[in-house]
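> Shown below is the structure under consideration.
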């Protein structure tokens, strides 16, 4: 009886320790700012970036006829960096999916083994049943934490959006939030709604047609991709930590099961 109580307390302690290790640290709350403040910051940083681009071009170009070639080289280099950044971002997302699938596979395997063990060994000592239940609980908790982090990263708020956007690349910055043409009764009214959206789109998208402004936005897109890479990398690290600790604790459960079977 004493040994059973010890096993129950041990399992409870293992589960509690596992949860404590997985709980996220409390993050400092970010201060809120008004739209006027963020707009001012945005305007200031865009002006700084345009000024730096102008200075860099002037320093790199010795003759006026070299200007077009220099801009072409700079843009090609930026586009290559953007292409690599997109691929790297996708790689992090693939790794997150792999960790999720691995965790689900391990958890399902342990649940199946624990269930079969309890079913096939009806007369086994109660302490073995307690250990099997503890291992199953650890597997379920690990899956819950992994799924939470996986979904949280997909829906997480992006602070960079307060002052950074990619107007030329994403419809949300150039079109109304909802499509209005389908709500119109006649073809003429639908065409008028589409024309209104098109005028709004043209006005907003044409603001990036100036060469220096276009290059500045390309660099801003590269910045956003780097930020997204960092988000994905941080999320991947959290998920890998969960999988790491889950493997360790499930290994401990296996050793306890073997030890309890011998004693």
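The values are calculated or read from the model by the stated rules, or taken from the named source; none is laboratory data. What you are looking at is a predicted structure, and each value in this text was computed from that prediction instead of being measured. Using ideal geometry, Cβ is built from the backbone for each residue, glycine included, and neighbour counts are taken over all protein chains shown.
> Just name the residue that is surrounded by the most Cβ atoms within 10 Å (Cβ to Cβ) out of those in region 40-56 that are farther than 15 Å from residue 212 by Cβ and free of Cβ contacts under 8 Å to residues at least 24 places away in the same chain.
Ranking the candidates gives 40 first.
> Additional query: Could you check region 216-242 and list, in sequence order, the residues that are within 30 Å of residue 130 (Cβ to Cβ) and surrounded by fewer than 19 Cβ atoms within 10 Å (Cβ to Cβ)?
240, 241
> So, residue 146, is that one out of contact with any strand residue (DSSP E or B) (no Cβ under 9 Å at 6 or more places or on another chain), crowded, with 17+ Cβ neighbours inside 10 Å and either modelled with pLDDT of 85 or more or in a helix (DSSP H, G or I) (or both) or not?
In short, yes.
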